[in-house]
Amino acid sequence: MTTLPTTMRIWQYSDTKGGLENNLKLNSTPLPVPKHNQHLVQVIAMALNPVDYKIPEMPLVGPLIRSKLATPGIDLAGVIVTPAKDSSLKSGQLVFGASGASPLASGALSEFTVSPSATSVLIPEGVDPIQAAGLTVAGITAYQSIVPRVKPGDRIFINGGFGGTGMFGIQIAKAVGCHVTTTCSTANVDLCKSLGADEVIDYKKGSVLEALRGCEQKFDHAVDNVGHNKDLWWHSHEYLKPEAVYIKVAADLSLHNVA
């Protein structure tokens, strides 16, 4: 086995004033030491998500939950260097999953990181690790916001079909057997349809709320991956069935939404 280096390169920040991306510095640090339930992973690729910068940049909240020197990045794909003691995975295997641990998982923007065995999955043969790196946050979010609350034949409205969570959501909802209505801009209508959307509302051409009001049947479930149009929430009773649930995956940052 190749001897491990004693240090690694890692992007770190201690402040987010002016934007997290303007505070990142490339440093050299010792390799992390994994706990018994964590793999030591050499990172091949990582994916950025809004949560990687939105939470650290939140006033009051961000400084309380991040360390003095923090590293962004949850999503990763990499090679197991040292497997967790409670895992059947082995050194040299390719995995994708999450870096770090709660409450604010992070650390993927580095050469090596630790990944909990519970959130590390073997990359199937033939899958590009670079593509696998983007699965964890968006894929799990889409799954959890849809699958536990729908059944075959349900009508689901997904606001924001072009983003990561939205694209996963369309495919997951169709796999469950739902009828999917989503939104996107004119340029992405065909892509959303190719992913399986039955109906696509082009928000560039008219009001999304009015289009939903005009649907012949009400929806069984709604997932909002955008969060900017508050009218969709306040008037959701007009296009959702009484027992339907409206899940907000995304929301504008405010004390009201945090509360």
* Can you give the angle from 0 to 90° between the axis of helix 136-146 and the longest principal axis of the chain, with both taken from C-alpha atoms, to the nearest 10? -> 30 degrees
* To do: Could you please state, rounded to a whole Å, how far the C-alpha centre of the stretch 71-91 is from the C-alpha centre of the stretch 1-70?
  => 15 Å
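For the chain, report the % of Cα-Cα distances exceeding 26 Å. Write out the running numbers ahead of the final one.
Numbers: 16229 of 33411 pairs.
Roughly 49 percent, rounded to a whole number.
Indicate, rounded to the nearest 5 percent, the antiparallel portion of the DSSP beta bridges found entirely in the chain. Please list the in-between numbers first.
Working: 28 of 45 bridges.
Around 60 percent antiparallel, to the nearest 5.
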* Under a point-charge model restricted to the Cβ atoms of Lys and Arg (+1) and Asp and Glu (-1), what is the dipole moment magnitude of the chain relative to its Cα centre, in debye to the nearest 20? -> 540 debye
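Once the Cα gyration tensor of the stretch 7-137 is diagonalised, what are the square roots of 5 times its eigenvalues, in whole Å and ordered largest first, as equivalent ellipsoid semi-axes?
On the way: eigenvalues 125, 44, 35 Å².
For the stretch 7-137, the semi-axes come out at 25, 15, 13 Å.
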* Inter-site label distance for K85 and N22 at 7 Å from Cα along Cβ, in nm -> 4.6 nm
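List the trypsin sites (Lys or Arg not before Pro) within the stretch 187-217 that fall in a DSSP loop (any state other than H, G, I, E or B) and whose Cβ has at most 16 other Cβ atoms within 10 Å.
Values: sites: K193, K204, K205, R213; in loops: K204, K205.
When the trypsin sites (Lys or Arg not before Pro) of the stretch 187-217 are filtered for loop state and at most 16 Cβ neighbours within 10 Å, K204, K205 remain.
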* Two decimals is fine: what is log10 I(q)/I(0) at q = 0.18 Å⁻¹ for the stretch 195-243, from a Debye sum with one equal scatterer on every Cα and no solvent? => -0.59
* **Degrees, to the nearest 10: 164-176 long Cα axis against longest axis of the chain** => 70 degrees
* To do: Extending each Cα 7 Å along its Cβ direction at K218 and K174, get the distance between those two points in nm, one decimal.
  => 2.8 nm
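No lab work stands behind these numbers, since they all come straight from the coordinates. Predicted model only: the values in this text are computed from it and were never measured. No Cβ is skipped: glycine too gets one built from the backbone with ideal geometry, and neighbour counts run over all protein chains shown.
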